[in-house]
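Below is one structure, written out as structure tokens; comments come after it.
Each reported figure results from applying straightforward, stated rules to the coordinates on display, with no laboratory input. Note that the structure is a prediction, hence the values are computed from the model and not measured. Cβ coordinates were reconstructed from backbone atoms using ideal geometry, including for glycine residues, and neighbour counts include every protein chain displayed.
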Amino acid sequence: MTASYRTLISVAELQALQASGRPLMVFDCSFDLMQPSAGEQQYLQAHLPGAVYAHLDLHLSAKHGAPGAGGTQVAAEADRPASGGRHPLPSRERFAMWLSSVGFANNMQAVVYDRNGANYCGRLWWMLQWAGHADVAVLDGGLQAWQSTGGAVVSGVEAAHFQSHFRLQPPLRELRTASDVLARLGTPGQVVVDARAGARYRGEVEPLDPVAGHIPGALNRPFADNLGSDGRFKSPAVLRAEFEGLLGGRPAASVVHQCGSGVSAIPNLLAMEVAGLGPTALFAGSWSEWCSDPSRPVEKSAPA
């Protein structure tokens, strides 16, 4: 029986999977926060053969705010975001509709990649797990690893897939809300890990959100620290040692990951699973949602 992949997949493993004939869909999640159209343009210039493009803003995020008036109650609920923040999660129902529209089915292995250090494809990896789909893996090293080993790329638009009927299953990963995080703040049962760069975490700069700082007591682990110089994830042993050092004896099961808008936190979450320390929870609204309410506490100096 062909193996299933649920954290990382290497180029060689993906090529073997393609040759096996197992139902498979590959997604390109390349993106640029400063130029939201750039990722799709890069995809059109070069992508893995057959890859479907997943746009962070259009496919992997909801529109901001509650659904407007009109339409059926079912449609309104499907359009209600599942989180706050700058990149609110769509509802699971809306996400399933998109998966069905691109032809993704429950019997498929999903492989996700980007050309951004796994920053954006991790979002789709987590969302598929949240939709109850276990067989999804991140291509280790992304497009760069594929090309460096001689993997072919194509340009232009891919042929459309027949619509499928993706069925939601019970979530395999835990989503935390701002209220959840606030209620557990300062308790032994919760350790918040902030994936933003150190200067943003410390509150020295804040280029994207209206308030600088971090959630009180949060630990800092910039998401890029999970990758080696070759752009691939560090070994499980190295990742485990680094996260255990960060946690300082705190239980891994108590970790809740966050970043600015719930996207770049996921490489940390994935790395903990690669290290054998997961699964852990995600606060998808992250700092952008947390700081939107002035009643929530903010810290600017690193915790002692």
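Based on the Cβ-Cβ distance of Ser295 and Ala253, what FRET efficiency does E = 1/(1 + (r/R0)^6) give at R0 = 22 Å, to the nearest 0.05? Please report the intermediate quantities before stating the final value.
Values: r = 29 Å, r/R0 = 1.30.
Result of the calculation: an efficiency of 0.15.
By average Cβ neighbour count within 10 Å, what is the ranking of 107-120, 12-25 from highest down? Each step should come with its number before you reach the end.
On the way: 107-120: 23.4, 12-25: 14.5.
With the highest mean Cβ count within 10 Å placed first, the list reads 107-120, 12-25.
Would you work out the charge dipole size for the chain about its Cα centre, treating the Cβ of every Lys and Arg as +1 and the Cβ of every Asp and Glu as -1, and quote it to the nearest 20 debye?
Here the size comes out at about 420 debye.
Where in the stretch 271-299 does the label zone of Ala241 land, with the point 7 angstrom along Cα→C-beta and an amide N cut-off under 20 Å?
Residues passing the 20 Å test: 271-278.
Pull up the DSSP beta bridges for the chain and report the antiparallel fraction as a percent, rounded to 5. Please report the intermediate quantities before stating the final value.
Values: 3 of 25 bridges.
Antiparallel bridges make up about 10 percent of those DSSP assigns within the chain.
If each of Gln45 and Thr2 carries a label point 7 Å out from its Cα toward its Cβ, how far apart are those two points in nm?
In this crude spin-label approximation the distance works out to 3.2 nm.
Between Arg184 and Ala16, what FRET efficiency follows from the Cβ-Cβ distance if R0 is 45 Å, with the result rounded to 0.05?
With R0 = 45 Å, the Cβ-Cβ based efficiency is 0.55.
Place a +1 charge on the Cβ of each Lys and Arg in the stretch 8-148 and a -1 charge on the Cβ of each Asp and Glu, then give the dipole magnitude about the Cα centre in debye, rounded to the nearest 20.
Numbers: 8 positive and 11 negative charges, 44 e Å.
About 200 debye.
I'd like the chymotrypsin sites (Phe, Trp or Tyr not before Pro) in the stretch 139-194 restricted to DSSP loop residues with at most 10 other Cβ atoms within 10 Å, sorted by number. Working shown, then result.
Working: sites: Trp146, Phe162, Phe166; in loops: Phe162, Phe166.
Hits after loop and neighbour filter: Phe162.
Rounding to the nearest 10 and keeping the result within 0 to 90°, find how far the Cα-based axis of helix 236-247 lies from the longest principal axis of the chain.
The angle comes out near 20 degrees.
GNM, the chain, Cα, under 10 Å: largest mean-square fluctuation among Gln129, Gln35, Gln147?
Of the options given, Gln35 has the highest mean-square fluctuation.
In debye to the nearest 20, how big a dipole does the stretch 178-304 give about its Cα centre with +1 on each Lys and Arg Cβ and -1 on each Asp and Glu Cβ? Could you put the intermediate results ahead of the total?
Details: 11 positive and 13 negative charges, 41 e Å.
Its charge dipole is roughly 200 debye.
What number, in percent, do you get for the relative contact order of the chain if the mean sequence gap of Cα pairs under 8 Å and at least 6 apart is divided by its residue count?
Working: 627 pairs, mean separation 60.8, N = 304.
Relative contact order here is 20 percent.
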